[in-house]
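Chemist: If you scroll down you'll find the structure; I have some questions about it.
The values are calculated or read from the model by the stated rules, or taken from the named source; none is laboratory data. Keep in mind it's a predicted model, so treat the numbers as computed, not measured. Note that we place each Cβ from the backbone using ideal geometry, even for glycine, and neighbour counts take in every protein chain shown. Note: areas computed on protein heavy atoms with side chains; ligands, DNA, RNA excluded. Shrake-Rupley method; radii C 1.70, N 1.55, O 1.52, S 1.80 Å.
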Amino acid sequence: MPERVTIVSLNLRHDADRWPERALLVREEMVALNPDLIALQENAVRIGQSEWLQAQLRKRTGRLFEEVHTVRQLPPPHDASIESNAMLWACRFQGYEWIKLPSGYEARKPSDERLYHARYRTAQRLRLTVGGAPFDVYNTHLHHEDPDGCIHPAQVRFLLDWIAARSRGAPHAVCGDFNARPGSITVQAIEAAGLRSAHRDVHGVEPHTSPTPLSPEWDAGVRQCIDYVFVSPEVRALDARVVFDRPSPSDPRLYSSDHFGLWVEVEVSR
């Protein structure tokens, strides 16, 4: 019989922009959602952000959530800000691994030296057991800019090749902040590999995921979808919605992050 799994994907905005106040919003909604698996981007390693959330979930839900994160450390003068992708889960676990994504500048010089920071991007893979069969969940955060048009193609191709080699036909979901809008070359490549957006499967359209009123870009009128949960053909999206989309009761500009999150419920065929 098919088994159901709930997944949340959220870019945390690390510890910037009033994190101590945002933390309460993140905790309360994550506890209320109580998903089986959580994929986080921009997790602040230096303050133990994902470990703190793990402890809160264990305490408040009674479920034995586990946690793992990778480190993405930038060179000076940015090395004081250490952030990572992180995953938390409360279901049967088989294994974990992660990779560094290419920068796209291995054979050429970028137009701006800061673009070398693209080489600090990573992706994670968590193999779970769902209904007695393997189910892989991937989590990534592609680089936020690509003026020369070579970062995203290199990163998404490397990611898709890794997924194909590791999952080998097993059902899988791919979560994260892709910094790419619907119809972009990046999203087209993902869809060409047979992956489908869970939210679009359910609702027929993609949602607005970034920014939130926490970001100055909100006032500039920016509204875009750059966050996704993609699923393979063996996975059926049953439900999907935008989450972490409510402000603090005491401050209409205070949100959980500068991104809204995604919650999906999927059915995994054995």
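Let's see how each residue does on (1) open to solvent by less than 60 Å² (accessible area, probe 1.4 Å); (2) in a strand (DSSP E or B); (3) within 19 Å of VAL264 (Cβ to Cβ):
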| residue | (1), (2), (3) |
| --- | --- |
| ARG4 | no, yes, yes |
| SER9 | yes, yes, yes |
| LEU24 | no, no, no |
| GLN41 | yes, yes, yes |
| TRP52 | no, no, no |
| VAL68 | yes, yes, no |
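Chemist: Let me spell it out: the conditions are (1) in a loop (DSSP other than H, G, I, E, B); (2) among the hydrophobic types (A, V, I, L, M, F, W, C); (3) in contact with a Gly (Cβ under 8 Å, 6 or more places away or on another chain), and VAL222 meets all of them except one. Which number is the exception?
Modeler: (3)
Chemist: Being without any contact (Cβ under 8 Å) to a residue 24 or more places away in the chain, within 26 Å of PRO252 (Cβ to Cβ) and of a type outside the set (D, E, K, R) is the filter here, so list the residues in segment 25-52 that pass it.
Modeler: If the condition is that a residue be without any contact (Cβ under 8 Å) to a residue 24 or more places away in the chain, within 26 Å of PRO252 (Cβ to Cβ) and of a type outside the set (D, E, K, R), then ALA32 is the only one that fits.
Chemist: Quick check on my filter: what residues within segment 11-22 are surrounded by 20 or more Cβ atoms within 10 Å (Cβ to Cβ) and either aliphatic (A, V, I, L, M) or closer than 22 Å to ASN139 by Cα (or both)?
Modeler: If the condition is that a residue be surrounded by 20 or more Cβ atoms within 10 Å (Cβ to Cβ) and either aliphatic (A, V, I, L, M) or closer than 22 Å to ASN139 by Cα (or both), then ASN11, LEU12, ARG13, HIS14 are the ones that fit.
Chemist: Kindly indicate whether any position in segment 209-228 is in contact with a helix residue (DSSP H, G or I) (Cβ under 7 Å, 6 or more places away or on another chain) and closer than 20 Å to LEU10 by Cβ.
Modeler: Scanning segment 209-228, I find at least one residue that is in contact with a helix residue (DSSP H, G or I) (Cβ under 7 Å, 6 or more places away or on another chain) and closer than 20 Å to LEU10 by Cβ, so the answer is yes.
Chemist: Which pairs have Cβ atoms under 7 Å, sit 6 or more apart or on different chains, and link a residue in segment 237-250 that is touching a residue at least 24 places away in the same chain (Cβ under 8 Å) and closer than 9 Å to LEU25 by Cα to one that is assigned to a loop (DSSP other than H, G, I, E, B) and polar (S, T, N, Q)?
Modeler: Going by the 7 Å Cβ cut-off, the qualifying pairs are PHE244/SER256; PHE244/SER257.
Chemist: Cβ-Cβ under 6 Å, sequence separation 6+ or interchain: first residue in segment 113-140 and part of a strand (DSSP E or B), partner open to solvent by 10 Å² or more (accessible area, probe 1.4 Å) and hydroxyl-bearing (Ser, Thr, Tyr). Which pairs?
Modeler: Close Cβ pairs satisfying both conditions: LEU126/TYR96.
Chemist: State the number of residues belonging to segment 180-214 that are in a helix (DSSP H, G or I), open to solvent by 30 Å² or more (accessible area, probe 1.4 Å) and within 30 Å of ARG253 (Cβ to Cβ).
Modeler: 3
Chemist: Being in contact with a Pro (Cβ under 8 Å, 6 or more places away or on another chain), closer than 20 Å to ARG125 by Cβ and open to solvent by 10 Å² or more (accessible area, probe 1.4 Å) is the filter here; which residues of segment 143-169 pass it?
Modeler: ALA154, PHE158
Chemist: Can you confirm whether segment 215-226 contains a residue that is surrounded by 17 or more Cβ atoms within 10 Å (Cβ to Cβ) and in contact with a Leu (Cβ under 8 Å, 6 or more places away or on another chain)?
Modeler: no
Yes or no, residue by residue, for (1) within 18 Å of the chain's Cα centre (by Cα); (2) at pLDDT below 95; (3) charged (D, E, K, R):
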site: VAL156; (1), (2), (3): yes, no, no
site: ILE163; (1), (2), (3): yes, no, no
site: ARG166; (1), (2), (3): no, no, yes
site: HIS172; (1), (2), (3): yes, no, no
site: CYS175; (1), (2), (3): yes, no, no
site: ALA180; (1), (2), (3): yes, no, no
site: ALA198; (1), (2), (3): yes, no, no
site: VAL202; (1), (2), (3): no, no, no
site: PRO207; (1), (2), (3): yes, no, no
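Chemist: Just to check your reading of the model, which residue among VAL174, VAL156 is of a type in the set (Val, Ile, Thr) and in a helix (DSSP H, G or I)?
Modeler: Only one candidate qualifies: VAL156.
Chemist: Another question, if that's okay. So, in segment 106-129, of the ones that are of a type in the set (Ser, Thr, Tyr), at pLDDT 85 or above and open to solvent by 10 Å² or more (accessible area, probe 1.4 Å), which residue ends up nearest to ILE7 (Cα to Cα)?
Modeler: The selected residue is THR129.
Chemist: Could you please give the count of residues in segment 78-90 that are of a type outside the set (S, T, N, Q), modelled with pLDDT under 90 and open to solvent by less than 70 Å² (accessible area, probe 1.4 Å)?
Modeler: Residues flagged as of a type outside the set (S, T, N, Q), modelled with pLDDT under 90 and open to solvent by less than 70 Å² (accessible area, probe 1.4 Å) within segment 78-90 amount to 4.
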